[in-house]
Amino acid sequence: MHDSQTERMSGAETRAAGGLALVFAFRMLGMFMVLPVLATYGTELAGSTPALIGLAIGAYGLTQAVLQIPFGMLSDRIGRRPVIYAGLLIFAAGSVLAANADSIWGVIGGRVLQGAGAISAAVMALLSDLTREQHRTKAMAMIGMSIGLSFAVAMVVGPLLTRAFGLDGLFWATAAMALLGMLIVAGLVPKSAGPLQHRESGVAAQALWPTLKNPDLLRLDFAILALHAVLMASFVALPLALMEQGGLARDEHWWVYLTALLIGFFGMVPFIIYGEKKRQMKRVLSGAVLALLLCELYFATLGNSLQTLVLGFVLFFTAFNLLEASLPSLVSKVAPAGGKGTAMGVYATSQFLGAALGGILGGWLYQHVGLNGVFIGCAVLCTIWLVIAVTMREPPYVTSLRLPLDVTALADGGLVERLKAMPGVADAVVVSDEAAIYIKVDTQQVDRTTLERLIAAAPVA
């Protein structure tokens, strides 16, 4: 029996989800605003070469990849807020360093320091601490939407801010956003009772090795690595293509990104609905990778006027948005019961590694083989990815649930077997130290209330 208070998110839960989504959004804005402008404005920095500009674009990914899982684990020990505050301060310091730089090396140093403020895992864990089980998916979705929206805003606002205040002004703005993030955590996000041990949002050391050898998860880790590598490499070349082949002044690029992102966002929606409703996500995913591959070949062969480039941008962002939106849900479907937090941690690390690899590779290719070399390099990476994508299995259409267990249910040795025998239950695991059970279910076949009743009816030992 559920009352309306249980059905709806409480005020505290809404403030937690909204506040932390804003923190994520401001940080992502700071990361991505340089993406559309560094290739065109970075040439004015002392010592800049295409390879070093590429390194500056992707450098934040190196420190993010190395530090985000350790920072998440540290937040289990010393608390979420100290780690989040420290991470935002480090990010702000990196922005200030880049704002004061007069050489490309100063900007690279600033980007490396920005990435060292790796708070993603700690923010997600704090969100879990502050929301009840039945609302956690909704809260996580709010953060996912804020990340997607901040990327779109960054692509448009980055060129406009740089036009008005220069590259240093852009970095000062990102420093201000990090400090604003700290104020939001302090003033808007409710206090938590303390870190919860929670396998859906944090990395569990015991789940790390099984995650790293799961072939289905590894395919998805490669997918996000390749996607962000292609994004970063493409943005070493695409802003320059708009100037050189499209004849569009760098101050005017924002409208191209705005047009492409808007059309791309609405363009992806039917494909996601089709994939989920018809249970054809493998087909949708493979089709989007093929579209990305064709886009890169199109840029290399036909992207020689403003009209053709804008069309290419629209197709690129439709495929990119589709992949960016669907890959995390595939990870949560494929991860074993109780392994979602660890799987998402490895996935996020792969994403940051991809960003670093793409920036470095894109800059190197541009310096040695020119604009078309970058597009061909991206097409080769997409071809490898397509081969991997078509060999994946259709993902299970399941949702992860975490249900608390009382002493009686914990002592019930046959509970997992009885649950697994139910139609629609794909996997279940009891985690005694959390007094909880993690279950993967097909919600079209069995609902949460039925499972709660079955667990409540556990025989007394």
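The values are calculated or read from the model by the stated rules, or taken from the named source; none is laboratory data. Quantities reported herein were computed from a predicted structural model and do not represent experimental measurements. Here Cβ is always computed from backbone atoms with ideal geometry, including for glycine, and neighbour counts include all displayed protein chains.
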Inset, instruction - Can you tell me which residue among T63, T43 is without any contact (Cβ under 8 Å) to a residue 24 or more places away in the chain and of a type in the set (S, T, N, Q)? - result: T43
Legend entry - Search result, residues across the stretch 439-461 that are surrounded by 19 or more Cβ atoms within 10 Å (Cβ to Cβ) and modelled with pLDDT of 85 or more: I439, K440, V441
Inset, instruction - For the stretch 213-235, state whether one or more residues are at pLDDT below 95 and of a type in the set (V, I, T). - result: no
Inset, instruction - Taking S128 as the residue in question, decide whether it is polar (S, T, N, Q), in a helix (DSSP H, G or I), in contact (Cβ under 8 Å) with a residue 60 or more places away in the chain and touching a Lys or Arg at 6+ places or on another chain (Cβ under 7 Å). - result: yes
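Let's see how each residue does on (1) closer than 17 Å to L386 by Cβ; (2) surrounded by fewer than 24 Cβ atoms within 10 Å (Cβ to Cβ):
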position	(1), (2)
L225	yes, no
L238	no, no
L242	no, no
G246	no, yes
E252	no, yes
A260	no, no
F266	no, yes
F271	yes, yes
Inset, instruction - Give just the number: which of (1) within 28 Å of E252 (Cβ to Cβ); (2) not in a helix (DSSP H, G or I) does M9 not satisfy? - result: (1)
Inset, instruction - Go through L410, L403, L419 for me and flag whichever is over 17 Å from L285 (Cβ atoms) and within 28 Å of the chain's Cα centre (by Cα). - result: L403
Inset, instruction - Consider only pairs whose beta carbons are under 6 Å apart and that are at least six residues apart or on different chains; among these, list those whose first residue lies in the stretch 131-144 and is closer than 15 Å to A121 by Cβ and whose second residue is at pLDDT 80 or above and of a type outside the set (S, T, N, Q). - result: I143/A21; I143/F24
Legend entry - Of all residues making up the stretch 287-302, the number that are over 17 Å from G358 (Cβ atoms) and touching a helix residue (DSSP H, G or I) at 6+ places or on another chain (Cβ under 7 Å): 6
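Looking at the stretch 260-281, can you tell me whether even one residue there is part of a helix (DSSP H, G or I), on the phi < 0 side of the Ramachandran plot and among the polar types (S, T, N, Q)? Step through it out loud before you land on a result.
Step one: filter the stretch 260-281 for residues part of a helix (DSSP H, G or I), giving 260-277, 281.
Adding the requirement that they be on the phi < 0 side of the Ramachandran plot leaves 260-277, 281.
Now drop any that are not among the polar types (S, T, N, Q), which leaves none.
No, the stretch 260-281 has no match at all.
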